[in-house]
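Below you'll find the structure, written out as structure tokens, and then a few comments.
The values are calculated or read from the model by the stated rules, or taken from the named source; none is laboratory data. The shown structure was predicted, so the numbers you read here are calculated from the model rather than taken from an experiment. Every residue, glycine among them, receives a Cβ derived from its backbone with ideal geometry; neighbour counts consider all protein chains shown.
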Amino acid sequence: MAIIRFRPEFWSALLLTSLKRSHVYAALCNRNYEGEIRAAGDTVRITSISRPTVNTYSRNADISYEELTDAQRTLLVDQEKYWAFTLDDVDAAQARANVVPEAMNESAYALRDVADRYVASLYTGVASANRLDAGAARVIDAAGEAYETLVDLGVKLDEADVPEEGRWTVVPPWFHGLLKKDQRFTDASASGTTETLRNGRVGEAAGFVIHKSNNTPNPTSDNRVIMAGVPAAMSFAEQILKTEALRSEVRFADRVRGLHVYGAKLLRPDCLATVLADPST
């Protein structure tokens, strides 16, 4: 008869948590259609109506009527991701910490990270007129250039009649570092807020609420895509279909798994502006 021996090591009660990047892109989308998807299925067809023509009125003359046309866009919840892990009973018996909640937290973070990068990839559908430098990389290696790039992105949105309310931009850490060297960004009297000076938050500049993320798209070399827009530009919908724990049928172990489904759509390409930023000289 074999004697079961516990392994001669113990797990610390203090868990070393992983370093996590910020997730911002999904939070910057509107969730207008999420409720409909949850209630009725995994597809929503979004209808837009043409703008009527304005004509000159002539007295004692008949007015003309036109037929309105419509266009449809489809928001699909077509991204299906899962996580699953096993915790052996012997390992669990020796652990001084409750490992499962932390493992589930790490799993949830991983799902959000994948979804965040998926939403960020929608930048490729931006209106061509809203791409600074026609999509070529712009060298940005000085504080003034970083701030002026934000101004240029704002002008692109202005020219596209995008409302100023709710404008956001997502920048990589090195770009944020350049902004912090510019007095127009760090001076509370210039930025209109003391948030940056008081607690280190990214803050506001050039009419944008600025977010910092390591998930900014990286299509070539060290270049990063900086996006700017408003919530109406993109829509995001998600569902956590399952999170469940079960006993393994082939081991003395607990198994935990979860399923995350989501979808995103660039609804208004003219409500985004982008620049391919090159940090090198």
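Listed by position, the strands (runs of 3 or more DSSP E) enclosed by region 49-155 that each have at least 2 residues that are closer than 21 Å to Pro217 by Cα are 79-88, 137-139.
Have a look at Thr86, Thr47, Thr69, Thr53 and point out the one that is surrounded by 10 or more Cβ atoms within 10 Å (Cβ to Cβ), over 22 Å from Val261 (Cβ atoms) and either modelled with pLDDT under 85 or more than 22 Å from the chain's Cα centre (by Cα) (or both). Criteria check complete, one pass: Thr86. Touching an Asp or Glu at 6+ places or on another chain (Cβ under 7 Å) and in the same structural domain as Met104 (by TED's automatic domain parsing), is that true of Arg251? Against the criterion (touching an Asp or Glu at 6+ places or on another chain (Cβ under 7 Å) and in the same structural domain as Met104 (by TED's automatic domain parsing)), Arg251 qualifies.
Return yes or no: is Val225 modelled with pLDDT of 95 or more and in contact with a helix residue (DSSP H, G or I) (Cβ under 8 Å, 6 or more places away or on another chain)?
Criteria met by Val225.
When Ile210 is tested against (1) modelled with pLDDT under 85; (2) over 30 Å from Val90 (Cα atoms), only condition (1) is not met.
Among the residues of region 210-262, those identified as out of contact with any Leu (no Cβ under 9 Å at 6 or more places or on another chain), among the basic types (Lys, Arg) and either under 24 Å from Ser128 (Cβ atoms) or touching a residue at least 12 places away in the same chain (Cβ under 8 Å) (or both) are Lys212, Arg251.
Total residues in region 263-281 satisfying the condition of being in contact (Cβ under 8 Å) with a residue 60 or more places away in the chain and either surrounded by fewer than 17 Cβ atoms within 10 Å (Cβ to Cβ) or of a type in the set (D, E, K, R) (or both): the figure is 5. For the residues Val139, Val162, Val155, Val171, the requirement of being closer than 25 Å to Arg268 by Cα and either over 23 Å from the mean Cα position of the chain (by Cα) or without any contact (Cβ under 8 Å) to a residue 12 or more places away in the chain (or both) singles out Val155. Those residues that are β-branched (Val, Ile, Thr) and assigned to a loop (DSSP other than H, G, I, E, B), I need them from region 227-281; list them, please. Hits for region 227-281 are Val230, Val250, Thr281. Annotation note: of Tyr118, Tyr82, the sole residue that is in contact with a His (Cβ under 8 Å, 6 or more places away or on another chain) and within 22 Å of Asn215 (Cα to Cα) is Tyr82. Go through region 175-196 residue by residue and tally those that are of a type in the set (Asp, Glu), at pLDDT below 85 and closer than 22 Å to Val275 by Cβ. Going through region 175-196 one residue at a time, the tally reaches 0.
For region 114-133, state whether one or more residues are farther than 23 Å from Leu266 by Cα and either in contact (Cβ under 8 Å) with a residue 12 or more places away in the chain or assigned by TED's automatic domain parsing to the domain that holds Met227 (or both). Scanning region 114-133, I find no residue that is farther than 23 Å from Leu266 by Cα and either in contact (Cβ under 8 Å) with a residue 12 or more places away in the chain or assigned by TED's automatic domain parsing to the domain that holds Met227 (or both), so the answer is no. Looking only at region 136-183, residues that are β-branched (Val, Ile, Thr) and either crowded, with 20+ Cβ neighbours inside 10 Å or not assigned by TED's automatic domain parsing to the domain that holds Asn218 (or both) come to 6 in all.
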